[in-house]
Amino acid sequence: MTTAAAYAISAPDGAFEKVTIERRELGPHDVLIDIKYAGICHSDIHTARNEWNGTSYPCVPGHEIAGLVAGVGSAVTKYRVGDRVGVGCMVGSCGRCAPCLADEEQYCANGTIWTYNTPVDASQQAEGYTMGGYSTQIVVTENFVVGIPEGIGLDVAAPLLCAGVTLYSPLRHWQAGPGKRVAIIGMGGLGHVGVKIAAAMGAEVTVLSQSLRKREDGLRLGATNYYATSERETFRELRGRFDLILNTVSSDLPIDQYLKLLALDGTMVLLGLPETPMTVTARNLSGLRRSLAGSMIGGIAQTQEMLNFCAAHGIGAEIELISADEIDSAYDRVIASDVQYRFVIDISTV
């Protein structure tokens, strides 16, 4: 085992503190990464504060990781020391099941190994569960490392490892592009990246947000239209309009109202995770052969595809760079929707 500095939280109501954690020694297929930047995802907050239950403490979150290769195992063929690389939400899977063989490791039938808070053998992590990217170094098998092209800064690339692929995957799956009308609910950490990607794909993009407060940003990032869902006429005006709606928010929404905005054969995809069950009226689905679906990040191959696409189109996240001692206040600001649009930790401050 080797050691790394990290920021960990030790209780749901605790504060982040600097600690020393152990990382495994390099195996033949492992890559040692010097982490330069780590994005803050809302999932980090849910886990750190045990809002989804089952959090192991001390917890080191972080699955939007960008850095440089510092060492490679004897059998590594994909990366060399000094390469720009990233690690997203996953660091392992069985590699044998149908989803894994289809490059959909996020749906591994035998259990995906997430970047933090997943039980692993003590030889993988001394604590017996994975520790994430709020740390100076991480060791990951090369098949779960992606290359970050030169066309993207490491700081603005970090959130793409979760937020970027979370939006890219459904846009690709439901074939967003020229002639397709795409609506994105929410202009936050996920939604703003989705606007950029969908626009770059050639789709007509509409933002559906509670207010018009971020309208100027939405149009600047590539949206053609921007509507306030707090205004009743919005739902009348847009009825039957969209081929694809991506819901990026985790709050409870009147789903039936949004389903009525879908055109014939349109699909609404849930990306956020509300805490309470939702109720859907069947006729709002059957009437125009509409669909209600869900999606969760993307596989490693698609994550690399997303990064290459973003580099080719000059897409990075809109970020606010913070130091490690600002993590607690950043969490509070995320909850208060006081960030435009993604916090990224400068790991040199750890």
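Values as computed for the structure displayed
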{"item": "Prolate/oblate/rounded label for the range 245-300 (Cα gyration tensor, a/c 1.5)", "result": "oblate"}
{"item": "Listed residues VAL165, ALA311, ALA228: farthest to the positive end of the dipole of the chain (Cβ charges)", "result": "ALA228"}
{"item": "Cα gyration tensor, the range 75-146 - rounded (a/c under 1.5), prolate or oblate", "result": "oblate"}
{"item": "Long-range HN-HN contacts of PHE242 with modeled amide H, under 5 Å", "result": "LEU262, ALA263"}
{"item": "The chain: antiparallel DSSP beta bridges as a percent of all, rounded to 5", "result": "55"}
{"item": "GNM result for the chain, Cα springs below 10 Å: residue of HIS42, HIS173, HIS313 fluctuating most strongly", "result": "HIS173"}
{"item": "Stokes-Einstein D in µm²/s, Kirkwood radius over Cα pairs - the range 1-118 at 25 °C with 0.890 mPa s viscosity", "result": "156"}
{"item": "Placed amide H near PHE343: partners under 5 Å, 5+ positions off or other chain", "result": "ILE40, GLU320"}
{"item": "Inter-site label distance for GLN210 and ARG236 at 7 Å from Cα along Cβ, in nm", "result": "2.4"}
{"item": "Max mean-square fluctuation residue, GNM over the chain, Cα-Cα springs under 10 Å, options LEU253, LEU244, LEU154", "result": "LEU253"}
{"item": "Equivalent-ellipsoid semi-axes of the chain, from the Cα gyration tensor, Å, largest first", "result": "35, 21, 19"}
{"item": "Karplus-derived 3J(HN,Hα), 6.51/-1.76/1.60, for each residue of the range 290-300, Hz, glycine and proline x", "result": "7, 10, 10, 9, x, 8, 9, 5, x, x, 5"}
{"item": "Rounded to the nearest 10 Å², the accessible area of ILE347 at probe 1.4 Å", "result": "10"}
{"item": "The range 283-289 - phi-based ³J(HN,Hα) in whole Hz, Karplus 6.51/-1.76/1.60, Gly and Pro as x", "result": "5, 6, 9, 6, x, 10, 6"}
{"item": "Cα extents of the range 164-294 along the three principal axes, largest first (Å)", "result": "36, 29, 29"}
{"item": "Choice from CYS108, CYS41, CYS97 showing the highest fluctuation, given a GNM over the chain with Cα pairs closer than 10 Å", "result": "CYS97"}
{"item": "Solvent accessible area, Å² - ASP103, 1.4 Å probe, full protein context", "result": "80"}
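The values are calculated or read from the model by the stated rules, or taken from the named source; none is laboratory data. Everything quoted here is computed from the prediction, not taken from an experiment. Reconstructed Cβ throughout: ideal geometry from the backbone, glycine too, with neighbour counts over all protein chains shown. The protein model used for the area step is the full one, side chains on, heavy atoms only, and it has no ligands, DNA or RNA in it. Shrake-Rupley method; radii C 1.70, N 1.55, O 1.52, S 1.80 Å.
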